[in-house]
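In what follows, a single structure is set out as structure tokens and then discussed.
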Amino acid sequence: MSSDPFGDALPGAAPTPMTLGEEILLLSLDDTTGEARLPLRTPYAIAAAALLERSLAGDDAVLPEDAETWIRANSTREYETALRGLLKKDLIREEKRRVLLVFRTTRYPEADGTVESALRGRLTEVVLTNAEPDPRTAALISLLHHADLHTLAFPDAGSDDSPAKRRMTEIAAHHWADPALRRMAETATAAAAALTAATMMTTVVVVAAAT
């Protein structure tokens, strides 16, 4: 399968370059409401994606020694960077609202669905029809897999017996031409997964204490 290394577009259209973090964020935002799905997990996955971008570019000299510490410190910044990227590319739009005339909320519904449609088509081709992934697609699938974000791409991939989840697990484990890149992917995504688990546990404790 051939794929543009930096983004997706419909046939005949110029490709829209996207980072891995932007792709994850685009998949996570509800097209209509603009609300983020799985918001506790997504920022850490996007920060891990920023490290994978460096490895894919061969820029190992600037990789942090402690991936988990870096991801924890930079998750908000990398999430906002991905958000600005999607806004600048006119793929989403910003909508500010007031709730109960007091609280302000900001949502990001879809502005141009062609790029996300092409992205989902690329993932479908690799995951559901067993096409061979290019390095960037393998990296994206690995990030989604290790961060437990399978359902952002495939809504029915929440159970372990889902064909889509099994295929994503296989890709995350085996589809790496460069062993060093695979180790970086595993390190970054494992760090993101650990931070997500810690955040979710803290949230549960806080909610339980409040009730």
Completion exercise
Calc'd 3J(HN,Hα), segment 147-157, phi into Karplus 6.51 cos²θ - 1.76 cosθ + 1.60 (θ = phi - 60°), Hz, glycine/Pro = x, comes to 8, 6, 10, 3, 6, 5, 8, 9, x, 8, 9
Practice task
Using a 1.4 Å probe over the heavy atoms of the protein chains, calculate the carbon and sulfur portion of the accessible area of segment 107-156 as a whole percent.
Solution key: 50 percent
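How much accessible area per residue does the chain have, counting only protein heavy atoms and a probe of 1.4 Å, in square angstrom? All intermediate terms of the calculation are to be shown ahead of the outcome.
Values: 10850 Å² over 211 residues.
About 51 Å² of surface per residue is accessible.
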Practice task
Run a plain Debye calculation on segment 145-190 (Cα atoms as equal point scatterers, no solvent) and give log10 I(q)/I(0) at q = 0.14, 0.24, 0.29, 0.33 Å⁻¹, rounded to two decimals, same order as the q list.
Solution key: -0.35, -0.84, -1.02, -1.14
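Between ARG98 and ARG84, 0.36 nm times their residue separation minus their Cα-Cα distance comes to what?
Working: separation 14, 0.36 × 14 = 5.04 nm, distance 2.17 nm.
Length difference between fully extended and current span is 2.9 nm.
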Exercise for the section: Could you tell me the largest-minus-smallest coordinate of the C-alpha atoms of the chain on each of the three principal axes, in descending order and whole angstroms? Expected result: 52, 41, 39
Handout entry: Prolate/oblate/rounded label for segment 23-115 (Cα gyration tensor, a/c 1.5)
Key = prolate
Practice task
List the DSSP H helices in the chain whose Cα atoms stretch 18 Å or more along the helix axis and whose mean Kyte-Doolittle hydropathy is at least 0.0.
Solution key: 42-56, 114-127, 179-210
Exercise for the section: Count charges around ARG166 for me, please; just the other residues with Cβ under 14 Å from its Cβ, Lys/Arg as +1, Asp/Glu as -1. Expected result: -2
Exercise for the section: Would you please report the Å³ per residue occupied by the convex hull of the alpha carbon atoms in segment 108-190? Expected result: 101 Å³
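Would you calculate a helix-derived [θ] at 222 nm for the chain, using -39,500 (n - 2.57) for each DSSP H run of n ≥ 4 and dividing by the full residue count, to the nearest 500?
Calculated mean residue ellipticity at 222 nm is -18500 deg cm²/dmol.
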Handout entry: All-pairs Cα distance distribution in segment 30-79, expressed in whole percent, bin size 10 Å
Key = 25, 46, 21, 8, 0
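The values are calculated or read from the model by the stated rules, or taken from the named source; none is laboratory data. Predicted, not measured: the structure shown is a model, and the values here were computed from it. Note that we place each Cβ from the backbone using ideal geometry, even for glycine, and neighbour counts take in every protein chain shown. Heavy atoms of the whole protein, side chains included, go into the accessibility calculation; ligands, DNA and RNA do not. Shrake-Rupley method; radii C 1.70, N 1.55, O 1.52, S 1.80 Å.
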